[in-house]
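First comes the structure, then the notes that go with it.
Bear in mind that the values in this text are calculations on the coordinates, not laboratory data. Everything quoted here is computed from the prediction, not taken from an experiment. Glycine gets a Cβ as well: all are built from the backbone with ideal geometry, and neighbour counts include every protein chain shown.
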């Protein structure tokens, strides 16, 4: 039996698709800036994300929302945790991509929806339809195959999956809007980020961004490429079932997987190809279930 699709879910889908599309092609950008050490790049990414958020605030003129969030100690505590989780995720993902482990990173974000489903059912009391459970089963089978074929990099995949799932859960449960939340997160990470950039600048090799003005501009672009998808993701997390959000996330690792295969020319083993097929079958089943729910929702509205 299919339950009606919540109205908030449809409003979050475009945001989710936008976020995961950007994240899917992000490895291309990370390879363009690979001359900058991963830790230093993440620090600059944080530094440039904050002015991007403040610029959006200036355009929207909703400063009271930011002040209200900063005055709420409960909100600040949760954002400290989410800032730590997203910082860990950024560092591990950047190191993996810049060291040629894009398949391992993709595996992490294939596992992530399964962790989302676990968090959604255990912590949020969400329930899945039979078709959704079938999709989860297919995805789990695919991930198991891929984990078997890439066990040496499984720790990277698990770190990415758990850290981002936990980040999304914290943001979903934190009563703060996407923009003030991201602004406070980057502000909390600003001092450590500045310390890291100073340490690299004073080191023997010097700062990586000093190589050329073009590279410096590319690194500065990281603020926009960081802030935009995170704002979209946070907005989607507030509007959608967490389990559904996790299944939509298959878009991002699929794009990255294809980039690793066609652009970075990573070797595709048979077990990885089998996983790829199972993942797409899972997505097809889940999307079909969403279509059925939407039809039922329209009939119920009549």
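Figures for the structure shown
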{"quantity": "Sorted by Cβ neighbour density within 10 Å, fewest at the top, the residues 78, 130", "calculated": "130, 78"}
{"quantity": "Computed FRET value (nearest 0.05) for residue 130 with residue 71, which takes r as the C-beta separation and R₀ as 45 Å", "calculated": "0.45"}
{"quantity": "Distance from the stretch 135-198 to the stretch 10-55 (C-alpha centre basis), Å", "calculated": "13"}
{"quantity": "Label zone at residue 154, where the point sits 7 Å out along the Cα-to-Cβ direction: the stretch 214-258 residues whose backbone N lies under 17 Å", "calculated": "none"}
{"quantity": "For the stretch 45-120, convex hull of alpha carbons as volume per residue, Å³", "calculated": "131"}
{"quantity": "Two-site label geometry, residue 202 and residue 287: point separation in nm, points 7 Å out along Cα→Cβ", "calculated": "5.3"}
{"quantity": "Peptides 276-287, 86-97 ordered by average Cβ neighbours within 10 Å, highest first", "calculated": "86-97, 276-287"}
{"quantity": "Relative packing of peptides 113-126, 49-62 - highest average C-beta neighbours within 10 Å first", "calculated": "113-126, 49-62"}
{"quantity": "Kirkwood hydrodynamic radius of the chain, Cα pairs, Å", "calculated": "20.0"}
{"quantity": "Mean-position separation - Cα centroids, the stretch 98-118 and the stretch 237-302, in angstrom", "calculated": "13"}
{"quantity": "Residue order, fewest to most surrounding Cβ atoms within 10 angstrom, among 255, 111", "calculated": "255, 111"}
{"quantity": "Size of the stretch 147-302 as Cα extents on the principal axes (Å, biggest first)", "calculated": "65, 45, 28"}
{"quantity": "Mean Cα-pair separation over length for the chain, i.e. relative contact order, pairs under 8 Å, 6 or more apart, %", "calculated": "42"}
{"quantity": "Projected label distance in nm at residue 34 and residue 59, using a 7 Å step from Cα toward the beta-carbon", "calculated": "3.2"}
{"quantity": "Residue 262 paired with residue 300, simple spin-label distance in nm, labels 7 Å along Cα-to-beta-carbon", "calculated": "3.9"}
{"quantity": "Neighbour-count ranking [beta-carbon atoms within 10 angstrom, fewest first] of 74, 172", "calculated": "74, 172"}
{"quantity": "Packing-based ranking, highest mean first, of 35-41, 164-170 given that Cβ atoms within 10 Å are counted", "calculated": "164-170, 35-41"}
{"quantity": "Sum of -39500 (n - 2.57) over DSSP H runs of 4+, divided by residues of the chain (222 nm, nearest 500)", "calculated": "-28000 deg cm²/dmol"}
